[in-house]
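Below is one structure, written out as structure tokens, with a few remarks after it.
The values are calculated or read from the model by the stated rules, or taken from the named source; none is laboratory data. These numbers were taken from a predicted model, which means no experiment stands behind them. Cβ placement follows ideal geometry from the backbone for every residue including glycine, while neighbour counts extend to all protein chains displayed.
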Amino acid sequence: MRGLLLAAAHKSSGKTTVSIGLAAALRARGLQVQTFKKGPDFIDPAWLTAAAGRACRNLDPYLSPPEEISAQFDAGRAGADVALVEGNMALFDGMAADGADSNAALARQLAVPVVLVLDARGMTRSVAPLVLGYRAFDRDLRIAGVILNRVKGERHERRLREAIDRYTDVPVLGALREDPALTIEERHLGLVPAAESTTATPRIEAIRSAVAAQVDLDRLLQQCAPLPALPATGRPAAAAGGRRLRIGIARDRAFCFYYPEDLQALQEAGAALVPFDTLQDRQLPPIDALVIGGGFPEMLAAALAANAPLREQLRDAIDGGLPTYAECGGLMYLARSISVGGERLPMVGALPADVVMQPRPVGRGYVHLQETEDSPWPGRFEGTIRAHEFHHSRLVDIAPGLRYAYRVSRGHGIDGARDGIVHRNVLASYAHLRCAGGHNWAARFVEFARRVHAAGGIAAGAEPQPA
């Protein structure tokens, strides 16, 4: 098993495109490729998942301590031939002034070398001091090679290669020509999600073909670091007692922001996950509880509004006490309406508030939350919950007297001070939680759902059968 971390000299250098192409090209060779993404991002991992055919995992040093990062890396790479980590921002960037949470620090911790993606537009000989500077800045970091991106043509590539070969000892592993066909459409929150894109499969194939032709994959694999054998681990213990709770989970083009590890944590806590499509399904499947993650309901608001039978069934189930957890896009969907582009469209109406889209981000980045006495989940978390948010919407016409599960000490949440609306058996927030840093929200939600049902709560859809 071999590993590498793909980083860049600056943001928007094309490292996500290169990562997608490498994952797909190595997979086409018959290798099992496990991708990872540094940070809390949902969108890039969805593209990497589609390219590699294995669920991409997130490694976030801000949310997880080092030992947890190592455990997540080991768990993800089990059964893989290549571990490919895509960094975020630039190689030495991070929130910590000393770079403790940078891509470089992550590469050192995981004991993998860095392959540097360089946007070569407007450069020839100047590429050499750039490579030298990155090489010299951290002598403990191994830069295994560079991949030149957005190269204009053969002459441009030759001059770039000559400069790097003459002045540095860092190998050039490939050079990708400028090609609009390799560009993935972007919008306000980054790339268009793979689940939403109608051209994801042909776009990945085009990127794979370009990378396979223009990157020396054999040499790249030789430059990757051999990873140590994984320690033997047993399977997690099954949740004790009772049948498995059927948790409905919205998974479609509108709601696709989920961490694979968190879905696994729900299952380990005793849940059977039951996917449904908010755009196509007219009825809820038989479920005991509900999870609606993030996504882009504003982009598909007309289609969501058009599915009135499902919206009405969701509202009735939630009004009747169905245990529910919703994050960001899920919160927006459960509100009364979404106003986008001057048009107001009806949503589920289970939460007494309306959503209005804004031209600029309302909440963006990591958040710090402290649970209030109104948090409905058992096992109250003492201390600070670290999470993240990224939304262009705000809530208006919020009913007075609502309870909130969190005080916000960093970030925006719903109103700059509070997040996590608690209404009936719903907890709905703008914050994206992760089972990390000692906070297993998945186990707490499953236990909450069990307690609701033990107290006479309802199930939605047809009568669920024992699993």
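Run down 180, 171 and say which single residue is in the same structural domain as residue 103 (by TED's automatic domain parsing), out of contact with any His (no Cβ under 6 Å at 6 or more places or on another chain) and over 15 Å from residue 210 (Cβ atoms).
Details: 180 fails: over 15 Å from residue 210 (Cβ atoms).
Step by step, each of 180, 171 is checked, and only 171 is in the same structural domain as residue 103 (by TED's automatic domain parsing), out of contact with any His (no Cβ under 6 Å at 6 or more places or on another chain) and over 15 Å from residue 210 (Cβ atoms).
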Would you point out which residue out of 399, 462 is over 18 Å from residue 292 (Cα atoms), hydrophobic (A, V, I, L, M, F, W, C), modelled with pLDDT of 95 or more and part of a loop (DSSP other than H, G, I, E, B)? 399
Meets criteria (touching a helix residue (DSSP H, G or I) at 6+ places or on another chain (Cβ under 7 Å), at pLDDT below 95 and buried (at least 19 other Cβ atoms within 10 Å of the Cβ)) for residue 296: yes
Scan of segment 381-394 for residues that are under 16 Å from residue 421 (Cα atoms) and surrounded by fewer than 19 Cβ atoms within 10 Å (Cβ to Cβ), ordered by number: 394
Of all residues making up segment 53-102, the number that are in a loop (DSSP other than H, G, I, E, B), of a type in the set (Asp, Glu) and more than 17 Å from residue 137 (Cα to Cα): 2
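When segment 28-71 is examined, which residues are found to be without any contact (Cβ under 8 Å) to a residue 40 or more places away in the chain and within 10 Å of the chain's Cα centre (by Cα)? Spell out how you get there, then give the answer.
Filtering segment 28-71 for residues without any contact (Cβ under 8 Å) to a residue 40 or more places away in the chain gives 30, 45, 48, 52-54, 67, 71.
Once the filter is applied, which keeps residues that are without any contact (Cβ under 8 Å) to a residue 40 or more places away in the chain and within 10 Å of the chain's Cα centre (by Cα), segment 28-71 yields only 45.
Check 343, 373 and return the single one that is within 12 Å of residue 422 (Cα to Cα) and surrounded by fewer than 17 Cβ atoms within 10 Å (Cβ to Cβ). Let's see the steps before the verdict.
Working: 343 fails: within 12 Å of residue 422 (Cα to Cα).
Only one candidate passes the filter, namely 373.
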What's the total number of residues in segment 407-431 that are surrounded by fewer than 22 Cβ atoms within 10 Å (Cβ to Cβ), assigned to a strand (DSSP E or B) and within 20 Å of the chain's Cα centre (by Cα)? 0
Name the single residue that is surrounded by the fewest Cβ atoms within 10 Å (Cβ to Cβ) among those in segment 108-139 being among the basic types (Lys, Arg) and farther than 15 Å from residue 7 by Cβ. 139
Tell me which residues, restricted to segment 243-294, are of a type outside the set (A, V, I, L, M), assigned to a helix (DSSP H, G or I) and within 17 Å of the chain's Cα centre (by Cα). 260, 261, 262, 264
